[in-house]
Amino acid sequence: MSKIRSARVIVTCPGRNFVTLKIETEDGVTGLGDATLNGRELAVASYLTDHVIPCLIGRDAHRIEDIWQYLYRGAYWRRGPVTMSAIAAVDMALWDIKGKVAGLPLYQLLGGASRDAVMVYGHANGESIDDTIAAALEYKQQGYKAIRLQSGVPGLSSTYGVSKDKLFYEPADSDLPTENLWSTERYMRVVPDLFAAAREALGPDVHLLHDVHHRLTPIEAGRLGKDLEPYRPFWMEDAVVADNQDSFRLIRQHTTTRLAVGEIFNSVWDAKQLIQEQLIDYIRATVVHAGGITHLRRIASFADMYNVRTGCHGATDLSPVTMAAALHFDLSVPNFGIQEYMRHTDETDAVFPHAYSFKDGSLHPGEAPGLGVDIDEERAARHPYSRAYLPVNRLEDGSMFNW
Ligand code: EZ4
Ligand code: CO
């Protein structure tokens, strides 16, 4: 028995906003959980402070599963990104505490390492195909074995995944949503050319990935997947919106390019049909937005029965606390596939000192007990919350589209 004495939410903006839950037990052991929901941060902060924390005080921090069920079943209102990010934060913090009490890195509590390290992919991007290839060559130089390619589209002033600052792409770029323009036709012409050039420049061994970011219809996605087949992409991500899971059947009928989806999924129910009918190859649900380590393990076990591997979301809006949690999970889970890795800025890393490290294209969570991440609260306090939104997208005729 190790009673929860206190819990509080820390909101900080070292370059971008992060919401962190800190739980402390009566024995003085602390645990951290990430609760960041990009562009909707304060909703989760309030959900935790106003509705979750009062129910946590006095509970046994070691009863992780029971607390998970209490917060999920006990809310009556199930699922959704706000609820599941809040539950995730509690879950991560409790696993962190359990690891610290045991004196073991979290991956040891999850069954131990199933592999030596976690293969990650980096984000290469550029305004033109040449710029993107130059960025990809830099990643290869740094040892990356897998690289995501996103290039600007001629005729569109801004494109998802393409940044001014190559190393630190940050889509939540304004205190009110910026307006982007989208043209499927222009986009569909560029991507196969990008992959042809990239395969030629980077050679046969590097894994090449691409994120469509929910912009196509199923039949368009089938076409793009087919166009990319000669260049053997590792995966095509978020080819279509997955609200209607049936959509993926049509894509499957037209291409053997591997499909990845799920960074905005909150629970196993978002992926049930996709997994059961083997309509995808990689499930991208992540610790922070899908109910924590406890629920992500459940999703992965289910996926394993259908040959679906994990490919956790790992953009910069997932704090170093989530990155650490994901790495412990990735190292242990049998059906790991790949981990997304967008480097945080030095400013962010200074607020969240961490034990994980990069080497030879892979990350390792390190051997510190628990998650192996801390928060420097003094530094955090120097970076107050600053409202920031993801962009919105419109078609050339002005109608709203998916970003
Ligand atoms: O747009 O994390 O694969 N990575 C992505 C990200 C998402 C952001 C949204 O907050 O799609 O760049
Ligand atoms: Co994505």
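Taken together, the values in this text are just the output of simple stated rules run on the coordinates, not laboratory data. Owing to the predicted nature of the structure, the values given are computational and were not obtained by experimental measurement. Note: ideal-geometry Cβ built from the backbone for every residue, glycine included; neighbour counts use all protein chains shown.
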- Quick one: compute a quarter of the convex hull surface over the Cα atoms of the chain and quote it in nm². 18.1 nm²
- Net +/- balance of residues flanking Glu185 in space, Cβ distance below 11 Å, scoring K and R +1, D and E -1: 0
- Packing rank of 24-35, 387-398, where each peptide gets the mean count of other beta carbons within 10 Å, highest leading: 24-35, 387-398
- Query: Highest mean first, what order results for 267-274, 289-296, 354-361 on Cβ atoms within 10 Å?
  - Reply: 289-296, 267-274, 354-361
- Message: With 10 angstrom as the radius, rank Cys55, Cys312, Cys13 by how many other C-beta atoms surround their C-beta, starting from the fewest.
- Response: Cys55, Cys13, Cys312
- Item | Percent RCO, i.e. relative contact order, over the stretch 248-390, from Cα pairs under 8 Å lying at least 6 residues apart | 18 percent
- Task: Could you work out the relative contact order of the chain, using alpha carbon pairs under 8 angstrom and six or more residues apart, expressed as a whole percent?
- Result: 22 percent
- Message: I'd like the FRET efficiency for Ser114 and Arg189, computed as 1/(1 + (r/R0)^6) with the beta carbon distance as r and R0 of 45 Å, rounded to 0.05.
- Response: 0.60
- Message: Tell me the relative contact order for the stretch 4-108 as a rounded percent, counting alpha carbon contacts under 8 Å between residues six or more apart.
- Response: 31 percent
- For Ala381 and Arg232, extending 7 Å from Cα along the Cα-Cβ vector and measuring point to point gives, in nm, a value of 5.6 nm
- Message: As an exercise, use a Förster radius of 41 Å and the Cβ-Cβ distance of His254 and Glu347 to find the FRET efficiency, rounded to the nearest 0.05.
- Response: 0.40
- Note on the structure: Taking a ≥ b ≥ c as the square roots of the Cα gyration tensor eigenvalues, with a/c under 1.5 meaning rounded and otherwise prolate when a/b beats b/c or oblate if not, the stretch 243-379 comes out prolate
- Cross-chain or 8 or more residues apart, Cα under 19 Å: how many lysine pairs in the chain fit that? Count them up, please. 9
- Item | Given charges at beta-carbon only (K, R positive; D, E negative), |dipole| of the stretch 112-366 in Debye | 840 debye
- Report, in whole Å, the centroid distance computed from the Cα atoms of the stretch 188-255 and the stretch 76-131. 26 Å
- So how much slack lies between Arg78 and Gln273, counting 0.36 nm per residue of separation and subtracting their Cα-Cα distance, in nm? 68.3 nm
